[in-house]
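Visitor: One structure, as structure tokens, below. Some questions next.
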Amino acid sequence: MKKSTKKARSNAFQRSMLVALSVAVWCNPLVPQVALASTPTALVRPQADLMVRGRITDSRGDGLPGATVVVKGTSIGTTTDADGNFSLRIPDATAASAILVVSYTGYETTEVAVNGKTDLSISLADKTEQLGDIVVIGYGTQSKKDLTGSIGQVNVGEVSKLPVSDLTKAIQGQVAGVSVHSGGEPGAVPQIKIRGIGSFNNNNPLFIIDGVQSPVNDVPTSDVESIQILKDASAAAIYGSRAANGVVIITTKRGKEGKMRVDYDLQRGWQNIVNRYDVANREQYQLLVNEASANAEPALPVKPANDPTSPLFVGNIDTDWQNEAFKTGQLLSQNLSVSGGTESAKYNITMNHYDQTGTVVGKGPNYTRYGFRVNSDFKQGRFKFGESIGYTKVDQRFMTFVHTGTNLGYIVNAIPTLPVYDENTIDGFSSASQTIHGSYTANAIGFNSLKDSKTDRYRFIGNAYGEYNIWDALKYRISLGYERTDWRDFNFDPIHDLGWFYVNNIAKMNDWRGSGYTGTVENTLSWDKIVGKHNIALLAGQSVLQSAISRISGHAEGFTEPYFPVLSNGTSGISVTGYEEQNRLLSYFGRAIYSYNNRYLLTATIRRDGSSRFSPQNRWGTFPSLALGWKLHNEDFLSGHPHISQLKLRASYGVLGNQEIPPYQYEALVNPYAHAVFSNQLAVGTTQVEFATPDVKWEEKLSRNIGIDLGLWDDRFTFTAEYYNNESRDMLLRVRIPESTGVYPWKSPYVNGASVRNSGFEFTGAYNQRSGDLTYSIGANLSTLKNEVLSLGYGDNPIAGYGAITRTEVGGEVGALYGWVIDGIFQSQEEIDALNNASPIGRYQEVLTRPGDIRFKDINGRDAEGNLTGAPDGKIDDDDRDFLGSAVPDLYFGFNVNLAYKGFDFTALANGASGNLVFNTIRAGLESGAGWDNYAANMMNRWTPSNTNTDVPRVVMFDPNKNGRASSRWLEKGDYLRLTLVQLGYTLPTSTAERLHLSRLRVYVSAQNALTFTKYSGFDPDFGNDGLFDRAIDQGNYPNRPFTAFAGGLPNPRGFLVGVQVGF
Amino acid sequence: MKKISILTFFLVVLGGTSCKKDFLELSNPNVQTSGSFWKTEADAQAGVNAIYQSLYYDGTFLRFAQCALDFRGDDVMSPSPWDVLSNTGSFKLFNNTIMQEWLWVAFYGGVTRANLAIANIPNIEFKDAALRDRLLGEAYFLRGLHYYYLATFFNNIPLVVEPYQSSDDYFPSQAAPEETWAQIYADFKEAQRLLPATYTDPNIGRATKGAATGFLGKSYLTNHQYAEAAAEFKKVIDSGNYSLMENYADNFSEQSENNAESLFEIQFSREVGGTTLGWVDAPYSDWAKTTARAITYAPAPFGWNDAAPTSWVYQQFLQEKTVGGEDDPRLKATIYYNYPGATLYGQEFATVYATDLGKIGVKKYGNGDSGRPDEKDWRSGVNERLMRYSDVLLMYAECLNELGNTAEAAKYIQMVRTRAKLPNREAEFASLSKEGMRDRIAHERLLEFVFEGHRFDDIHRWGWLNDPVKLAELKSHDPEFNSYVPGREYFSIPQLEIETNPNLRQNPGY
């Protein structure tokens, strides 16, 4: 009874394997050419044991040394020798039906039925070969050749070579249509955008890690098996509600059948900030600042530090703050993984450690991560179970500063007449004096050395699934996902004096703690069946999601030395605050994938979501999509074509949703914290200080995509071209309402306030070739982006950003630059007087405009009714501003080159963007010519009565002409091309490695960001920004702290790295 | 059997996760909805208290309102390296600076809160009708007060007197200034009608009938309606509720707050908790109830030195000695300067400023005598006196003079002088011409109110900015007037506000 069941099952299994294999082979010429090439030998009569010999080769026929060969479902196995040969004795009981599982790092694991043959030739397919890949789609997988939607795949092999703490940073330049921006400090959180600005509110795509909705930060790159980016509605609609910004599906590495494998990787690196602003030295600074004081009306006294006649004159200090502040950062990364398993139980366990110190003197920024992950899969009969559990602990220190300010800016504009250190002060750091130096200079090195600002973050991402094959091809699956992050943000500010404006007389600390979780339960039924020429895959599912955040924070002051910064030790100013929020989502979804005759493809998807973020009448949204594909290469007129191995056309159309606004926005709330004081006691105050939009509803994105996939010469050359045209409608955002409501702009109510079109072409091409011992592949991707605002909230009023220098207007682009136009420099008072006399108000620009000031262009005025005329009116005012350029790159590109020669391998990655302007705020500060902080060196070329042939205006305190106003003067081209990685590796021959009792040993050296081609004068054209209305603004830093306060960003460093990878 | 149990399991899992109807119904666990508010007496009290809280913002009296009021006078200049402050006093602000923007949003925040109270309180059932009247009176007073400052800062402003019903209401046009002032008069009148004359603990510091009357008079005076103004000031004087403090300095310390001379003051306190300075934003539970005016104005190295008296005003104080032959006691209460025994923040003036003995710095409203070493913890608990009885007396004198009763005016001037221990010159002043009396009042007001936010409004009201002779004098007192441009007696409408609300027009002069 038992035996027959087993036999029947095994027969059935064999049958299905054969069907699957034949389908796979038929569908996909690149799937390993299993056994078919083997020499037919006479059927050997079953004996006690079967001796099987064979050779494992790569797709070019070269033997693979050290490949693992295991008899499926047993522990019988071996590894290949230096030439890829193996021999294996298979016991009689299993010989007839034995299946060999062949695996080798970097190649697809392959199963081969022995079928009584004793001499096998097995060729393994290279994992990097693209079009044959199995692609992870939402709630399933699909052969890439059958895709109808737009899915970008990240080459994880390349990406994992980049020395970055965040996975998304590694994606930069890898996939057409995906843009990533960020600074380069340890733990930086990049802005990732898929196909332009799809949403004004939350532009981040949805990250699904092993089926769990989760933040992607802190996920170790080394754990990742695959990254798929779902770009269009057809691909993403199964995640309907949350997919408007695209979906990134990340799968972590799982165990494979075979003997236990142990791998250890170690990487060590050194990083530096290489660019510098060219700032004035002591003599230049003193000359400029004194001249600016003299030019003021009335003239301002010269500060003693800059006055050679004063006893306090500084003549012997010339500090280069940038060189003092920047140092070499260190990077250490190590990963240990253990994996293996049998047919019924597979495991992959990893441990990793990542430690990166920043490039600035002081306590931060640093980023240290410890993580472990356990992924297992179990199979028994009709059941499958498994889990993936990852846990990381992150210690992140931030570059510290007194306010939310541009730390880098403060390093750059610090005055050269002040030393960094001063042992006579209370804290050991020098301090600018208002009366002696006048400058606001903050000792940024002192701040970063004295203050503590750090986050501890603990993140659990876990998924458990169970699958049951109910009947025939019908499967039920339940998946439980849970992500939980606990964090603690800590900030301690000791007593210090770091400049006259930066005095802290009372030691204080903040301790913020919080946790958030997202839990999901998903039930799906799937049915996959091939009936004749019909290939059908159906999916139906239901999902429930709940997420919540809970925060408390404590503040205490009056700590005494020696400091023990624990809340209880505060002696005054103690306060506690707390906050709670929760949201839920209930969803139903279905999908049908159908192909006929392996030529005509159809994918239809629908998802219906209910969200707690909207009022009952607006709660539900429905998101359908439809996609069609045509595999021309399987048509008679192309099949067997000598060159064309693939030609597919595809098109999709669908609607995606977005609900990512904070909870409770549809209801107007009161603020219970508006307390007053009477009789010196607190009097509780409550009132409404913000407004709601009760009818706020789902944001929708209409997605349209067409694409062509081409493969030539057995797919040695592959090329994909796509065009998308997306329209986001009813976009959720806080549209600034007039402040006459008393509402601060950032508290403006959420409305479905805009629609925007993004369109673009995406091209991805790759060429792989092998000649002799040399294998190489070259890939490139390029995408264009056109962004157009179709409507804006509240009657299409433009949205002004960052001090009104950006303006988002209907018909224009998001975050376009806006300001005055420069018309030259006034050379004489007569020139100014003539314009003043011609002005209707007796004044062309400002009352104290003088020779050497910038003359702005008069381009607009108003008629008697107050309407703009479009004609000059003889005076410069706010109406004379104009659009100055685009903040959105119109071109993104990425390149990759891989070479392998014998044991050597070489990788180069590059990416870039072009077509955008950047507002350089640090330069604007250095060249304002109007204060006591340091100046740019090129201000030595300022206008003076004797240096009139210049475009640099005069220096004068407080800038009475407003030379520093928003104008084209501060805008620079943001175009760049950067070589992000060059890596050269060497793998020891297997025989040598084996002598060391290793299965593998690879060593490598890398150069990170070795070359950047750009005309941008700031630290880095790839800087962190909000990605929206203020994306053009390079503030020298960008708030990157995930939960609470701001912290300084740093430019992307140049790095040198060495590494070793060992397999046991 | 096995199959059934598996099916049961699926059904349980599916059934358990396909949820109840109210699964998606989540309400905010932190605060209540505005629809459930304004139902009880307690709601009304809390709603009115919240209007006062708008006076604690950076755009109101945490800092910027004082800077905006004081720095433009010829008695005050700003040596601040921060152009937002130094350009305020020299009429050179960019249209997009936070000075105008924060004034605008914070004062309008008070208007919105007052509108909510005025619209909702009449619908609440009160057991205590006197409480309802008082609360409504406070709301009217505070709305009038917020509009008073908005009108003097910006002149051409939207006049919103109802709660916002829909997003269409967010975009008002500017009202004619006369219309705005008519509303201010009406609000103060209503407050005057409804408010009590005095309070007892724990309500000391709330708006009184006297406060409403004083501000009504001041509003009339601002618009040169002297007869109406005089009538109101007379009411205050006749009420008998106010008198001048014997010690002038008592008006600027933490010790004698809400004293007999005070008509209305903003109640700051270091004792009521809160650790975060409420700069700008929706209020939060950890916000302090203190003002940063002291650190802003205090001389270096005790504060930021963002304000300083002009040397001209210092000289003005020295023109007349007290009957005892000493310096005007108001000088010592107002300005740090070098006199024998002068101290500040526990240190000898002559030691701190040994290399700069001519130094003059701001003392008024500071904590230099409090025992604290400096102002650098940002927090001052000194109440901001928005209107003192001496102001009422001098404004009344001004009305009398303008109405032709110059002799009577002299009496009130001397009352203020007498408290400052200056000689009795009532008879001499009584015989002055109307013009002469104007100059005398100007001088007396100058010395009485340095750093109290009145000087620029006085200059403006007296028409000096349109008088070339007077304007030249102002420039000689304070070179910051060199960059004055006609029209800039009002601030620019914040640039971002104009960008956001297309119904607004920029003020002339910008």
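Visitor: Quick check on A:Ser759: is it farther than 18 Å from A:Val897 by Cα and either of a type outside the set (D, E, K, R) or in contact with a His (Cβ under 6 Å, 6 or more places away or on another chain) (or both)? Lay out the reasoning, then the answer.
Guide: On the way: farther than 18 Å from A:Val897 by Cα: yes; either of a type outside the set (D, E, K, R) or in contact with a His (Cβ under 6 Å, 6 or more places away or on another chain) (or both): yes.
Yes: the conditions hold for A:Ser759.
Visitor: Could you tell me which numbered condition A:Gly795 fails, if it satisfies all but one of (1) surrounded by fewer than 21 Cβ atoms within 10 Å (Cβ to Cβ); (2) part of a strand (DSSP E or B); (3) in contact with a Pro (Cβ under 9 Å, 6 or more places away or on another chain)?
Guide: Every listed condition holds for A:Gly795 apart from (2).
Visitor: Turning to a different aspect of this structure: Quick one: in the range B:368-389, of everything that is more than 22 Å from B:Met77 (Cβ to Cβ) and more than 13 Å from every other protein chain (Cβ to nearest Cβ), which residue is nearest to the chain's Cα centre (by Cα)?
Guide: In this case the residue turns out to be B:Leu386.
Visitor: Output the residue which, of all residues in the range B:45-87 that are more than 30 Å from B:Ala298 (Cα to Cα) and surrounded by fewer than 24 Cβ atoms within 10 Å (Cβ to Cβ), is farthest from the other protein chains (Cβ to nearest Cβ).
Guide: The residue in question is B:Gln45.
Visitor: Among the residues of the range A:629-652, are any in contact (Cβ under 8 Å) with a residue 12 or more places away in the chain, farther than 24 Å from A:Asp715 by Cα and surrounded by fewer than 23 Cβ atoms within 10 Å (Cβ to Cβ)?
Guide: Within the range A:629-652, not a single residue is in contact (Cβ under 8 Å) with a residue 12 or more places away in the chain, farther than 24 Å from A:Asp715 by Cα and surrounded by fewer than 23 Cβ atoms within 10 Å (Cβ to Cβ).
Visitor: Could you count how many residues in the range B:248-271 are aromatic (Phe, Trp, Tyr) and within 14 Å of chain A (Cβ to nearest Cβ)?
Guide: 2
Visitor: Another question, if that's okay. Any chance you could count how many residues in the range A:981-1011 are modelled with pLDDT of 90 or more, out of contact with any Ser or Thr (no Cβ under 9 Å at 6 or more places or on another chain) and among the β-branched types (Val, Ile, Thr)?
Guide: 2
Visitor: Among the helices (runs of 4 or more DSSP H) lying completely within the range B:302-359, list those that include at least 3 residues that are more than 20 Å from A:Ile436 (Cβ to Cβ) and either away from chain A (no Cβ under 13 Å) or in contact (Cβ under 8 Å) with a residue 12 or more places away in the chain (or both).
Guide: Output list reads B:311-317, B:329-334.
Visitor: Exactly one condition in (1) in a helix (DSSP H, G or I); (2) more than 28 Å from the chain's Cα centre (by Cα); (3) in contact (Cβ under 8 Å) with a residue 40 or more places away in the chain is false for B:Val392; which is it?
Guide: Tallying (1) in a helix (DSSP H, G or I); (2) more than 28 Å from the chain's Cα centre (by Cα); (3) in contact (Cβ under 8 Å) with a residue 40 or more places away in the chain, B:Val392 fails exactly one: (2).
Visitor: So, one more: Which of the residues spanning the range A:558-604 are in contact (Cβ under 8 Å) with a residue 60 or more places away in the chain, crowded, with 18+ Cβ neighbours inside 10 Å and of a type in the set (Gly, Ala, Ser)?
Guide: Matches in the range A:558-604: A:Gly570, A:Gly573, A:Ser587, A:Ser595.
Visitor: Got a sec? Which of A:Ala296, A:Ala345 is among the aliphatic types (A, V, I, L, M) and under 30 Å from A:Gly258 (Cα atoms)?
Guide: Matching residue, one of A:Ala296, A:Ala345: A:Ala345.
Visitor: So, B:Leu221, is that one crowded, with 22+ Cβ neighbours inside 10 Å and touching a Cys at 6+ places or on another chain (Cβ under 8 Å) or not?
Guide: Against the criterion (crowded, with 22+ Cβ neighbours inside 10 Å and touching a Cys at 6+ places or on another chain (Cβ under 8 Å)), B:Leu221 qualifies.
Visitor: So A:Asp223 clears everything in (1) over 30 Å from A:Pro663 (Cα atoms); (2) surrounded by fewer than 23 Cβ atoms within 10 Å (Cβ to Cβ); (3) over 15 Å from the mean Cα position of the chain (by Cα) except one condition, right? Which one?
Guide: (2)
Visitor: Here is a follow-up. Take the residues in the range B:67-81 that are within 14 Å of B:Pro309 (Cβ to Cβ) and among the hydrophobic types (A, V, I, L, M, F, W, C); name whichever of them is nearest to the chain's Cα centre (by Cα).
Guide: Filtering the range B:67-81 for residues that are within 14 Å of B:Pro309 (Cβ to Cβ) and among the hydrophobic types (A, V, I, L, M, F, W, C), the one nearest to the chain's Cα centre (by Cα) comes out as B:Phe71.
Visitor: With the condition being within 26 Å of the chain's Cα centre (by Cα) and either surrounded by 20 or more Cβ atoms within 10 Å (Cβ to Cβ) or not basic (Lys, Arg) (or both), I'd like the helices (runs of 4 or more DSSP H) fully within the range B:410-510 carrying at least 1 qualifying residues.
Guide: By residue number, B:434-449, B:455-461, B:468-477, B:495-500.
Visitor: Can you give me the ranges of the strands (runs of 3 or more DSSP E) entirely in the range A:327-394 with at least 2 residues that are among the aromatic types (Phe, Trp, Tyr) and on the phi < 0 side of the Ramachandran plot?
Guide: It comes to A:345-357, A:366-380.
Visitor: Please give the number of the condition A:Ala834 fails out of (1) more than 14 Å from chain B (Cβ to nearest Cβ); (2) touching a Ser or Thr at 6+ places or on another chain (Cβ under 7 Å).
Guide: With (1) more than 14 Å from chain B (Cβ to nearest Cβ); (2) touching a Ser or Thr at 6+ places or on another chain (Cβ under 7 Å) applied to A:Ala834, the lone miss is (2).
Visitor: Further question on the same structure: Would you confirm whether any residue within the range B:93-106 is more than 19 Å from B:Gly361 (Cβ to Cβ), more than 13 Å from every other protein chain (Cβ to nearest Cβ) and small (Gly, Ala, Ser)?
Guide: Scanning the range B:93-106 turns up no residue that is more than 19 Å from B:Gly361 (Cβ to Cβ), more than 13 Å from every other protein chain (Cβ to nearest Cβ) and small (Gly, Ala, Ser).
Visitor: Next up: Pairs, please: C-beta under 8 Å, at least 6 apart or cross-chain, first residue away from chain A (no Cβ under 14 Å) and more than 14 Å from B:Val48 (Cβ to Cβ) and in the range B:186-207, second part of a loop (DSSP other than H, G, I, E, B) and at pLDDT 95 or above?
Guide: Going by the 8 Å Cβ cut-off, the qualifying pairs are B:Ala197/B:Thr208; B:Ala197/B:Asn241.
Visitor: Then there is this: Return the total of residues in the range B:477-510 being farther than 28 Å from A:Pro798 by Cβ and more than 7 Å from every other protein chain (Cβ to nearest Cβ).
Guide: 7
Visitor: Which residues, taken from the range B:444-467, are in contact (Cβ under 8 Å) with a residue 40 or more places away in the chain and at positive phi?
Guide: B:Phe451, B:Gly453 - these are the residues of the range B:444-467 that are in contact (Cβ under 8 Å) with a residue 40 or more places away in the chain and at positive phi.
Visitor: Go through the range A:565-598 residue by residue and tally those that are among the basic types (Lys, Arg) and within 8 Å of chain B (Cβ to nearest Cβ). Don't jump to the end; show me each part of the working.
Guide: Step one: list which residues in the range A:565-598 are among the basic types (Lys, Arg), which gives A:584, A:591.
Okay, now just the ones that are also within 8 Å of chain B (Cβ to nearest Cβ), so A:584.
Adding up the residues that qualify gives 1.
Visitor: For the range A:798-829, how many residues are assigned to a strand (DSSP E or B) and among the acidic types (Asp, Glu)?
Guide: 1
Visitor: A further question on this structure: Using beta carbons and a limit of 7 Å, which pairs, at least six apart or on different chains, have the first residue in the range B:141-152 and closer than 17 Å to B:Leu263 by Cα and the second one crowded, with 22+ Cβ neighbours inside 10 Å and hydroxyl-bearing (Ser, Thr, Tyr)?
Guide: B:Leu142/B:Tyr52; B:Tyr148/B:Ser219
The values are calculated or read from the model by the stated rules, or taken from the named source; none is laboratory data. Here the structure is a predicted model, which is why all the values come from computation and not from measurement. Cβ coordinates were reconstructed from backbone atoms using ideal geometry, including for glycine residues, and neighbour counts include every protein chain displayed.
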